């Protein structure tokens, strides 16, 4: 399992006082209020930064980090990802998972047929959709609903699904 979890991406600066506009990768954006530090991933290196202030604007997080004090300081971090230690992650509800824990999982049907590996997850509004790809490159889209997703074993990186009519 990954020790760090991505929680957002810096997309721009905000104002002239060193705030970042961040697109959050979390269901509850107010979870940024509880964080004290974040890591900025830049050029495959992690910079641990202390959070000074958090605001919200529309669906974005406005984040002020200690030592980043003007618009010129922010420019170098545009498009960088923000990560946190797993220990700082929110507690998930039952049958909820961090995407990073799902990617790469082996996906099999409840009849034991290997479908491939989970390569992506994307939200649709009502539920997430899991993208599974086999060794031949064929993809199948699976809705993340109880009728389809029967078991998720994060520790063993294995997911069992039931293929409803029209999904294969």
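The values are calculated or read from the model by the stated rules, or taken from the named source; none is laboratory data. A quick note: this is a predicted structure, and the numbers were derived from the prediction, not measured. With ideal geometry, Cβ positions are generated from the backbone for all residues, glycine too; neighbour counts draw on all protein chains shown.
Name the one entry in 130, 56 that is touching a helix residue (DSSP H, G or I) at 6+ places or on another chain (Cβ under 9 Å), under 30 Å from residue 148 (Cα atoms) and at pLDDT 90 or above.
It is 130.
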remark   = Counting only residues that are under 14 Å from residue 23 (Cβ atoms) and either in contact (Cβ under 8 Å) with a residue 40 or more places away in the chain or surrounded by 14 or more Cβ atoms within 10 Å (Cβ to Cβ) (or both), the stretch 57-80 contains a total of 9
ask   = If only one of 121, 152 is in contact with a helix residue (DSSP H, G or I) (Cβ under 8 Å, 6 or more places away or on another chain), outside the structural domain of residue 50 (by TED's automatic domain parsing) and closer than 19 Å to residue 9 by Cβ, which one is it?
value = 121
query = Hey, residue 51 hits all of (1) free of Cβ contacts under 8 Å to residues at least 24 places away in the same chain; (2) under 20 Å from residue 99 (Cα atoms); (3) touching a strand residue (DSSP E or B) at 6+ places or on another chain (Cβ under 7 Å) but one; which does it fall short on?
reply = (2)
task = Give the residues of the stretch 97-137 that are under 18 Å from residue 162 (Cα atoms) and assigned to a loop (DSSP other than H, G, I, E, B), sorted by residue number.
result = 105, 110, 111, 112, 113, 127, 134
task = Pick out the one residue from 102, 92 that is closer than 28 Å to residue 158 by Cβ and either in contact with a helix residue (DSSP H, G or I) (Cβ under 7 Å, 6 or more places away or on another chain) or surrounded by fewer than 16 Cβ atoms within 10 Å (Cβ to Cβ) (or both).
result = 92
task = Could you check how many residues of the stretch 76-94 are at pLDDT below 90 and in a loop (DSSP other than H, G, I, E, B)?
result = 6
Meets criteria (surrounded by fewer than 16 Cβ atoms within 10 Å (Cβ to Cβ) and either closer than 25 Å to residue 10 by Cβ or in contact with a strand residue (DSSP E or B) (Cβ under 8 Å, 6 or more places away or on another chain) (or both)) for residue 83 = no
ask   = Of the residues that make up the stretch 129-142, is at least one surrounded by 12 or more Cβ atoms within 10 Å (Cβ to Cβ) and out of contact with any strand residue (DSSP E or B) (no Cβ under 7 Å at 6 or more places or on another chain)?
value = no
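Take the conditions more than 24 Å from residue 101 (Cα to Cα), assigned to a helix (DSSP H, G or I) and out of contact with any strand residue (DSSP E or B) (no Cβ under 6 Å at 6 or more places or on another chain) and apply them to residue 73. Does it pass?
When the stated conditions are applied, residue 73 passes them.
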ask   = Given the structure, is residue 155 part of a loop (DSSP other than H, G, I, E, B) and in contact with a strand residue (DSSP E or B) (Cβ under 8 Å, 6 or more places away or on another chain)?
value = no
